[in-house]
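Some notes on the structure that comes next.
Nothing in this text is a laboratory measurement; each read-out follows from the coordinates by a stated rule. Note that the structure is a prediction, hence the values are computed from the model and not measured.
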Amino acid sequence: MHLPACLRPRSAPRGAFVRCVVLAALAFGMTAANAQTPARRVPSGVGVMIHYLPDKAQIDDIKQIDVEALADALVEMKAGYLVLTLGQNNGQFIAPNPTLASMCPEAARNASPRDLPLQLGRALRRRAIALILYLPFRAPQADPYLMECLGDVSEQSPPPATFIANWSRVVGDWSAHYGALASGWWFDGTYNTEGMTPADWRTLCGAINRGATGRLVAFNPGEGDARYSMPAAPCQNWMAGELMAMPAAFRPVDSTLRFHVLTPLTASWSRPGTARFSASQLAALIATAKARGGSITLDLPLDARHTFFKDHVALVRKASGQ
């Protein structure tokens, strides 16, 4: 911490020194308060997920995304939050990360030309919509350079302690950067946590909660009735919820985690096409989630203009209003 010049020995007259102490104390208090500002509570009901995962040849397309139009569409659908992918397994991320660039310098050549989560998060905040960030639990499995640089192995094998330490630094950078704009985290592919020590979990969970308090945190052990409500990490407080077959969502769930179901609106993740639910079916799912104090997240594809399909927006709007 750098002291103001007036707080250094013999640097200011007594009166100026006293005024400086007061102002510095106020400034420190405001800084500390901002660092601890709780993230916006994610409401029950319906949320939307965007599986935006450009490859390294397409990353410049990110410039075309109209964050205000996306945010307005979420308002139209009455969505309380958005789950946004920072990246997944191809090694391309949609947001800068100085820690990753420093640790793995070759990753800098694939840097995003825009901090989309920051700009979209600000647009969402103006509309009282929460932002949830998505990352894989493991290093990008299809990027050999990042796998080696971060010290990881196959996601089906136990994670090395070196990887947990490195990935925690990367996650902590984003966590602190987005601060209170990030109301939660959703981690995919928590298939094998064998051998992770309490210290490993403290390191990773501490990184996840840097920059804000009260975040929702989900770790996904896989899709299906047997796993969607299963806790996979000590700091988890939200069901990962990945389900394709919806009847499971109507059965009682014995879990201490906040209720949540995540499912694609169409035939599969981010795939354009006809919705696989009617408005009345969606309305019933939303009502069930709300009755359990939770939510349902619908994964919606984007069209060629990087916006939601109009018929999908109309369907979700109708279901949310029933």
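Observations on the structure shown:
- Ratio Rg/Rh, restricted to the chain and using Cα atoms, in which Rh is the Kirkwood radius: 1.02
- Percent antiparallel among DSSP beta bridges (both partners in the chain, rounded to 5): 5
- Counting only residues at least eight positions apart within a chain, or on another chain, the lysines with an alpha carbon under 28 Å from that of Lys290 are Lys78, Lys310, Lys318.
- Between Glu106 and Asp72, full extension at 0.36 nm per residue minus the direct alpha carbon distance yields a gain of 8.6 nm.
- Long-range HN-HN contacts of Gly45 with modeled amide H, under 5 Å: Lys290, Gly294, Ser295, Ile296
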